[in-house]
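Report on one structure; see the data block that follows.
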Amino acid sequence: MTGDASGPDSSVEHTVGDGVFVVGTDTGVGKTVVTAGLTAWLRERGRDAVAVKPCQTGHPPDDDAAVVASVCGTDDAAVCLRRLEPPLAPAVAAAETDDSLAYDDILAGVTDVVESRETAVVEGIGGLRVPLADGREVLDLVADAGLPALVVARSDLGTLNHTALTVRALRNRGVPVVGVVCNEYEGETTAERTNPAVIERMTDRPVWTVPPLDVAPNERVVDGIRENLPASLLGATGE
């Protein structure tokens, strides 16, 4: 395990400095907190970083881009390409509301941001097999976006299967995997304490642990990411 009390390992194979797709093993695993912390940290270190939410469902009240903007302290730190009201998979939400949702439009929007900004931190929607639009899934968007992926997983019992399958699905599509973040890690159970090392063996990827982080105060999110992920993960920065 590369993140522990002695501090995270400084060596990484892939970096996020030129862009990354933050994917989750499921919904509610903490992709938004990790996305917000990474985006704010990159901006602190001189990168023109922006977070991208390709499609937000459950809006209102859910608004992941607004969370990122709040953590970064500026509205231009995040953009949401589409918002749909039902708290469902995008393709299902669009069908329920008779809304148009085109995969090519979503991909074009993500590509535009990736090409126009120095660093794009794209946040996924749920897990990889979530239906997105036109018969395509979130996994298709990750592969077509051409960015490496950072996997966010739960820390406790049940995460091994979901995490290993997520990494395998990404590799099968040729997506480089930066590493795995075991989020909301507290080490209170045997499963939680042993999972990071087991995931590292199962996936052959570095694994970092991040404790529960509240989005208010905003500084705590950035501090929590900075303290538990290696600075080398950001790649070359302005500092």
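Read-outs: derived from the displayed coordinates by stated rules, not from any lab. Only a predicted model underlies this, so the values are computations on that prediction, with no experimental measurement involved. Don't worry about glycine lacking a Cβ; one is built from the backbone with ideal geometry, like all the others, and counts go over all protein chains shown.
Helix by helix through the chain, keep the DSSP H runs that span 15 Å or more along the axis on Cα and average at least 1.6 on Kyte-Doolittle, and give those back in order.
Correct list, ordered by number: empty.
Along the charge dipole of the chain, Cβ charges K/R +1 and D/E -1, which of PRO90, LEU38, HIS14 sits furthest on the positive end?
Going by the charge dipole, the pick is HIS14.
Relative to the Cα centre, what is the charge dipole magnitude of the chain, using +1 at the beta carbon of each Lys and Arg, -1 at the beta carbon of each Asp and Glu, and rounding to the nearest 20 debye?
600 debye
In the P(r) worked out for the chain, what percent of Cα pairs fall beyond 25 Å?
36 percent
So who's got an amide H within less than 5 Å of the one on GLU137, skipping anything under 5 residues away but keeping other chains? H placed 1.01 Å off N, in plane.
LEU132
Across region 80-85, in residue order, what do the Karplus-derived ³J(HN,Hα) couplings come to in whole Hz, using 6.51 cos²θ - 1.76 cosθ + 1.60 with θ = phi - 60° and x for Gly and Pro?
My calculation for region 80-85 gives 10, 7, 9, 10, 10, 6 Hz in order.
Could you pull out every residue, at least 5 positions away or on a different chain, whose amide H is within less than 5 Å of the one on LEU150? Hs are placed 1.01 Å off N in the peptide plane, and Pro or chain starts have none.
PHE21, VAL22, VAL23, VAL178
Given springs between every Cα pair under 10 Å in a Gaussian network model of the chain, which of ALA69, ALA169, ALA89 has the largest fluctuation?
ALA169
Could you give the size of the charge dipole of region 119-216 about its Cα centre, using +1 on the Cβ of each K and R and -1 on the Cβ of each D and E, expressed in debye and rounded to the nearest 20?
I would put it at about 420 debye.
Helix-only estimate, please: 222 nm mean residue ellipticity of the chain, summing -39500 (n - 2.57) across DSSP H runs of length 4 or more and dividing by its residues, to the nearest 500. Let's see the in-between values first.
Values: 8 runs with 91 residues, N = 239.
Computed mean residue ellipticity for the chain: -11500 deg cm²/dmol.
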